[in-house]
Amino acid sequence: MKKVYLVASGDLRLSVNQNCWAAQEAMEKQVTAAVEREGWKVVRGHPYDPILKHGFLDSQRHGIEVFRSIPPDTPLIVAEAVWQYTHHVLPGLMTHHGPILTVGNWSGQWPGLVGLLNLNGSLTKAGIKYSTLWSESFDDDFFINGLRDWLKTGKVVHDTSHVRAFDEVRVPENVAQIGVTFAKEFRVNKSIMGIFDEGCMGMYNAIIPDELLSPVGVFKERLSQSALFAKMNTVSDVD
């Protein structure tokens, strides 16, 4: 029987991982059942930890160690039912050669879809090829058909007919001129953007490269927690 591996990136905080594990476990059972109905076997890349009481990858080091034992050419599902820190899996995904499918739950209670979008954004920024699917029940036609395509071809193709290149969009001349004038002035005058805790929660996708930001007139001022703490000590309780 053909195999597909499954991993789950979690939070860095133990209490959050413990609180969210039941939702993740329930989602994985649904995803696994869907994969098995297509004639594949799901192999979880890392076990549930009875001491920590969750089965998430909870650090970058943990993720790196787990990916060492995952065949680099095997199909791989990254299943996310809750918020996750992308850097837990990004190093392993950067060197994975097999098809990658990110899967998120469509839930009003658990932020798996938000975690999925953070992961997808980071993969896109890193130039890693992947496919993505989402579902509320994991037995709907959209999910099943997409999963079937991925298992057969290694990719999912979504309808993007609603997307247009910006160059094709017609902007009124007076509006365009306002934008051009502002942009020129902005680049000349320049602006400083304060950055605190850049890449927080493993959000590699949120780190805008300086060489892309600076040409438009924005320059980063990176702030540190130690500097903030030192400055706080100079402010009196009255203030």
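Numbers at a glance
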{"read-out": "Evaluation of GLY39 against (1) closer than 20 Å to ASN145 by Cα; (2) outside any loop (DSSP other than H, G, I, E, B) (one fails), failing number", "value": "(2)"}
{"read-out": "Residue match in the stretch 149-156 (condition: basic (Lys, Arg), at pLDDT 95 or above, surrounded by 12 or more Cβ atoms within 10 Å (Cβ to Cβ) and within 16 Å of THR102 (Cβ to Cβ))", "value": "yes"}
{"read-out": "Filter result for the condition that a residue is of a type outside the set (Phe, Trp, Tyr) and closer than 24 Å to CYS200 by Cα, over LEU117, LEU133", "value": "LEU117"}
{"read-out": "Any hit, the stretch 152-164, residues being touching a strand residue (DSSP E or B) at 6+ places or on another chain (Cβ under 7 Å) and more than 30 Å from GLN225 (Cα to Cα)", "value": "yes"}
{"read-out": "Count of the stretch 30-84 residues which are closer than 18 Å to LYS152 by Cβ, in contact (Cβ under 8 Å) with a residue 40 or more places away in the chain and of a type in the set (Asp, Glu)", "value": "1"}
{"read-out": "Residue in the stretch 19-29 that is surrounded by 19 or more Cβ atoms within 10 Å (Cβ to Cβ), within 19 Å of ALA126 (Cβ to Cβ) and in contact (Cβ under 8 Å) with a residue 12 or more places away in the chain present", "value": "no"}
{"read-out": "Hey, GLN30 in the same structural domain as GLY108 (by TED's automatic domain parsing), over 20 Å from the mean Cα position of the chain (by Cα) and at pLDDT 95 or above or not", "value": "yes"}
{"read-out": "Residue ID - nearest to LYS2 (Cα to Cα), chosen from residues in the stretch 26-45 that are of a type in the set (D, E, K, R) and touching a strand residue (DSSP E or B) at 6+ places or on another chain (Cβ under 9 Å)", "value": "LYS41"}
{"read-out": "Wholly within the stretch 122-239, helices (runs of 4 or more DSSP H) carrying at least 2 residues that are touching a helix residue (DSSP H, G or I) at 6+ places or on another chain (Cβ under 8 Å)", "value": "141-153, 173-189"}
{"read-out": "The stretch 10-25 - residue that is touching an Asp or Glu at 6+ places or on another chain (Cβ under 8 Å) and not in a helix (DSSP H, G or I) and, of those, farthest from CYS200 (Cα to Cα)", "value": "GLY10"}
{"read-out": "Some residue of the stretch 218-227 being charged (D, E, K, R), surrounded by 13 or more Cβ atoms within 10 Å (Cβ to Cβ) and at pLDDT 90 or above", "value": "yes"}
{"read-out": "Test for ASP140: is it within 23 Å of the chain's Cα centre (by Cα) and surrounded by 10 or more Cβ atoms within 10 Å (Cβ to Cβ)", "value": "no"}
{"read-out": "Any hit, the stretch 191-202, residues being touching a Leu at 6+ places or on another chain (Cβ under 7 Å) and surrounded by fewer than 12 Cβ atoms within 10 Å (Cβ to Cβ)", "value": "yes"}
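Every residue, every condition in (1) at pLDDT below 95; (2) closer than 18 Å to CYS20 by Cα; (3) hydroxyl-bearing (Ser, Thr, Tyr), yes or no:
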| position | (1), (2), (3) |
| --- | --- |
| TYR85 | no, yes, yes |
| HIS88 | no, yes, no |
| MET94 | no, no, no |
| HIS97 | no, no, no |
| GLY104 | no, yes, no |
| LEU116 | no, yes, no |
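Let's see how each residue does on (1) in a loop (DSSP other than H, G, I, E, B); (2) among the aromatic types (Phe, Trp, Tyr):
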{"position": "ILE70", "(1), (2)": "yes, no"}
{"position": "THR74", "(1), (2)": "yes, no"}
{"position": "GLN84", "(1), (2)": "yes, no"}
{"position": "HIS87", "(1), (2)": "no, no"}
{"position": "GLY92", "(1), (2)": "no, no"}
{"position": "TRP110", "(1), (2)": "yes, yes"}
{"position": "LEU113", "(1), (2)": "no, no"}
{"position": "LEU116", "(1), (2)": "no, no"}
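The values are calculated or read from the model by the stated rules, or taken from the named source; none is laboratory data. Everything quoted here is computed from the prediction, not taken from an experiment. Neighbour counts are summed over all protein chains in view; Cβ atoms, including those assigned to glycine, are modelled from backbone coordinates with ideal geometry.
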